[in-house]
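Okay, so here's the structure we're looking at.
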Amino acid sequence: MSKRLVAMGDSFTEGVGDDDPAAPNGVRGWADRVAEQLAAREPDFRYANLAIRGKLLPQVLAEQLEAGLAMDPDLVSLYAGGNDLMRPKVDIDALLVGYETAIARVRATGARLILFTGVDGVEDPLFRAIRGRVAIYNELVRGIAARHGALLVDLWSMRQLCDRRFWAPDRLHLNALGHTEVAIEVLRVLGVEHPLVNPELAPREVLSPAARRSQNLQWAKEHALPWVRRRVRGESSGDTMAPKRPALEPVGSAPLPR
């Protein structure tokens, strides 16, 4: 059983979309849920979460890798690249070279490593536009995971995540239901029994074209346009954020002062 988990990445691992005012940074997320289950089975368990929303893959590696490895973790989760794939131009092959180098470093410590594929956004116009990029990224990640003996959580194959009810209103981040689904899959991959479940959802309501257009316009006004403005100004939602759990601490304890 793992005793020291360090989670690294972007908004997906920070927990954005799963709002919780009582949690550091105001979000909970799949990593917190996994840590809670591991802590219930290991009295000396400690957990750090260095992930920050909006970070590109090179930023995650430059800002989080050394700090994370310095904690001597025996379990590491690492996901990044989603923000890179949404940029107008991206060299996916070059991007994953640095990723693989970092993965080799983690594995050389003897720590177990959890990697992720990207979600299939086939049912959402925003993600469907970059579906081919995500598929290429995923194939490269699968090869890297196989070469380095990393555990792989295949979000692409989790078809329930194609249902918008698992996503926050911004359509970019999972909500509490979505993060719980990911936590369940991570625990399955780790071989850890747990009590986590999501309620069974009723069949999805079929919206009229007019209703869909109205929803899309509202989403564009509230979420898409602010996102575009930040990109134009070269800003990120994580520019003023700090890691929510910057050091290994028992689950349930307050993070160390920043």
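The values are calculated or read from the model by the stated rules, or taken from the named source; none is laboratory data. If you're wondering where the values come from, they're calculated on a predicted model, not measured in any experiment. Glycine gets a Cβ as well: all are built from the backbone with ideal geometry, and neighbour counts include every protein chain shown.
Can you tell me which residues in region 70-86 are out of contact with any strand residue (DSSP E or B) (no Cβ under 8 Å at 6 or more places or on another chain) and within 22 Å of HIS148 (Cα to Cα)? Of everything in region 70-86, those that are out of contact with any strand residue (DSSP E or B) (no Cβ under 8 Å at 6 or more places or on another chain) and within 22 Å of HIS148 (Cα to Cα) turn out to be ALA70, GLY81, GLY82. Among the residues of region 64-71, not a single one is surrounded by fewer than 18 Cβ atoms within 10 Å (Cβ to Cβ), in contact (Cβ under 8 Å) with a residue 60 or more places away in the chain and not aliphatic (A, V, I, L, M). What do you reckon, is ARG171 in contact with an Asp or Glu (Cβ under 8 Å, 6 or more places away or on another chain) and closer than 24 Å to PRO203 by Cβ? The answer is yes for ARG171.
Checked against the criterion of being surrounded by fewer than 16 Cβ atoms within 10 Å (Cβ to Cβ), closer than 24 Å to ALA31 by Cβ and among the aliphatic types (A, V, I, L, M), the candidates ALA150, ALA104, ALA145 yield just one match: ALA104. Restricted to region 164-203, and to residues that are of a type in the set (S, T, N, Q) and in a loop (DSSP other than H, G, I, E, B), which residue is surrounded by the most Cβ atoms within 10 Å (Cβ to Cβ)? That would be ASN175. Please report, ordered by residue number, the helices (runs of 4 or more DSSP H) entirely within region 44-122 with at least 2 residues that are among the acidic types (Asp, Glu) and either under 15 Å from the mean Cα position of the chain (by Cα) or at pLDDT 95 or above (or both). It comes to 57-69, 92-108.
Results for (1) among the hydrophobic types (A, V, I, L, M, F, W, C); (2) modelled with pLDDT under 95, shown as yes or no for each residue.
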{"position": "ASN138", "(1), (2)": "no, no"}
{"position": "GLY143", "(1), (2)": "no, no"}
{"position": "ALA183", "(1), (2)": "yes, no"}
{"position": "GLU205", "(1), (2)": "no, yes"}
